[in-house]
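So the structure is just underneath, and the comments pick up after that.
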Amino acid sequence: MVNVSEHELVPDHSVLDDPERVEEVLEEYNVKKTDLPKITRTDPALPDEAEVGDVIRIERDSRTTDQAVVYRLVVE
């Protein structure tokens, strides 16, 4: 079976497991956790340790900024 998360076109997904770092992100964007865009727990790109309620940091290659970072909230 193919592990989708290791495919070269899938951006790097990581769990923000430090509550202080999560708060920094929320303050930076002036949002609540529930205001973040959602990603379902069944998404094959998510790390195995991701649980509902976690914040995921996604690093994508970008033509304009070299690398773009976005955040998602894991939902059921």
Percent RCO, i.e. relative contact order, over the chain, from Cα pairs under 8 Å lying at least 6 residues apart: 37 percent
Distance between modelled label sites at residue 38 and residue 17, nm, 7 Å Cα→Cβ extension: 2.6 nm
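Counting only protein heavy atoms and a 1.4 Å probe, tell me what percentage of the chain's accessible area is made up of carbon and sulfur.
Values: 2620 of 5690 Å².
Looking at the chain in its full context, I get 46 percent from C and S.
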Stokes-Einstein diffusion coefficient of the chain, Kirkwood radius over Cα pairs, 37 °C, 0.692 mPa s, in µm²/s: 250 µm²/s
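The values are calculated or read from the model by the stated rules, or taken from the named source; none is laboratory data. Nothing here was measured: the structure is a model prediction, and the numbers come from that model. Backbone-built Cβ (ideal geometry, glycine too); neighbour counts: all protein chains shown. Side chains are part of the model used for accessible areas, which takes the heavy atoms of the whole protein and leaves out ligands, DNA and RNA. Shrake-Rupley method; radii C 1.70, N 1.55, O 1.52, S 1.80 Å.
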